[in-house]
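Enquirer: The structure is given below, and queries will be raised subsequently.
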Amino acid sequence: MGSNPKVTDWSSKQQPSMEIRRMRLEDVDHILEVEKQSFTTPWSREAFQNELTQNHFAHYVVVEMDGEIIGYCGMWMIVDEAHITNIALLPEYRGRGMGETLLRGMMQAAKTYGAKKMTLEVRVSNVAAQKLYEKLGFEQQGVRPNYYTDNMEDAYIMWVDL
Ligand SMILES: CC(C)(COP(=O)(O)OP(=O)(O)OC[C@H]1O[C@@H](n2cnc3c(N)ncnc32)[C@H](O)[C@@H]1OP(=O)(O)O)[C@@H](O)C(=O)NCCC(=O)NCCS
């Protein structure tokens, strides 16, 4: 892990009214709404609270548009590997380049923290997300069979060198 996490500029403006900043406990209500609109098995309030208060490996950011939370992304920094836990935007904000900006920001932050590689899992059916990851250089390097418990769908494991 990088010696000084403060060097990461989490709050840099990426687009005129899009801002990325660290997630705070008071953001969780909004994040739960993003979850509900994005995933069949959304994470719970407790899961996010734990990530923010107990998990020292965890780094979470939110995306704000005109002051409203419209998405988020999280990762765990484990030695020199960054594991993306989740990335999601409210449906009406997708397809405008914000997911790409968000993930590029996480890759940059992970590098700053000392990560050499980044990994994530993605449903085999989630082609849109896979295309985003491929665009940013991720490659499929394995499969976790029956990884998603709601429908026993497999996950692709993807990696990128940072
Ligand atoms: C995955 C997600 C974060 C992508 O964010 P986004 O803002 O919609 O994506 P962007 O507009 O930044 O697109 C960037 C690239 O991703 C790919 N992409 C995005 N949406 C796509 C779609 N519907 N179909 C195919 N490719 C797509 C394209 O390669 C695109 O680049 P291009 O515009 O040059 O073609 C967003 O769609 C989302 O929140 N999905 C629901 C939650 C989810 O599935 N998260 C991933 C869990 S692993």
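Read-outs: derived from the displayed coordinates by stated rules, not from any lab. On a predicted model such as this, the values are computed, not experimentally measured, just so you know. Positions of Cβ are backbone-derived with ideal geometry, glycine not excepted, and every protein chain shown enters the neighbour counts.
Enquirer: Hey, if you put +1 on the Cβ of every Lys and Arg and -1 on every Asp and Glu Cβ in the stretch 96-140, which of Met106, Gln130, Met118 ends up farthest toward the positive end of that dipole?
Expert: Comparing the listed Cα positions along the dipole, Met106 ranks first.
Enquirer: Quick one: among Gly105, Gly137, Gly114, which has the greatest mean-square fluctuation in a GNM of the chain with alpha-carbon springs under 10 angstrom?
Expert: Its mean-square fluctuation being the largest, the pick is Gly137.
Enquirer: Could you work out how far the C-alpha centroid of the stretch 46-99 sits from that of the stretch 128-162, in angstrom?
Expert: Value for the Cα centre distance between the two parts: 17 Å.
Enquirer: Follow-up question, since we're still on this one. With springs only between Cα atoms under 10 Å apart, run a GNM on the chain and tell me which of Phe138, Phe39, Phe48 wobbles the most.
Expert: Greatest mean-square fluctuation among the candidates belongs to Phe39.
Enquirer: While we're here: Mind putting a number on the dipole of the chain about its Cα centre? Charges go on the C-beta only, +1 for Lys and Arg and -1 for Asp and Glu, and I need it in Debye to the nearest 20.
Expert: Working: 17 positive and 23 negative charges, 93 e Å.
Approximately 440 debye in magnitude.
Enquirer: Treating only the Cβ of Lys, Arg, Asp and Glu as charged (+1, +1, -1, -1), what charge dipole size does the stretch 26-111 show about its Cα centre? Round to the nearest 20 debye.
Expert: Details: 6 positive and 14 negative charges, 66 e Å.
For this selection, approximately 320 debye.
Enquirer: Amide H of Asn86: which non-local residues (sequence gap of 5 or more, or other chain) have their own amide H closer than 5 Å, using H built in the peptide plane?
Expert: Gly74
Enquirer: Expressed as a fraction of 2.2 N^0.38 Å, the rule-of-thumb size for a compact globular protein of N residues, what is the C-alpha radius of gyration of the chain?
Expert: Compared with the compact-globule rule of thumb, the chain sits at 0.98.
Enquirer: Here is a follow-up. Let me know the charge dipole size of the stretch 94-141 about its Cα centre in debye, to the nearest 20, where only the beta-carbon of Lys, Arg (+1) and Asp, Glu (-1) is charged.
Expert: Here the stretch 94-141 has a charge dipole of around 120 debye.
Enquirer: Same structure, new question: Is it possible to state the helix-based mean residue ellipticity at 222 nm for the chain, with each DSSP H run of 4+ residues giving -39500 (n - 2.57), the sum divided by total residues, to the nearest 500 deg cm²/dmol? What is it?
Expert: -8000 deg cm²/dmol
Enquirer: Expressed in nm to one decimal, what extension gain is obtained for the pair Glu92 and Glu46 from 0.36 nm per residue of sequence separation less their Cα-Cα distance?
Expert: 13.9 nm
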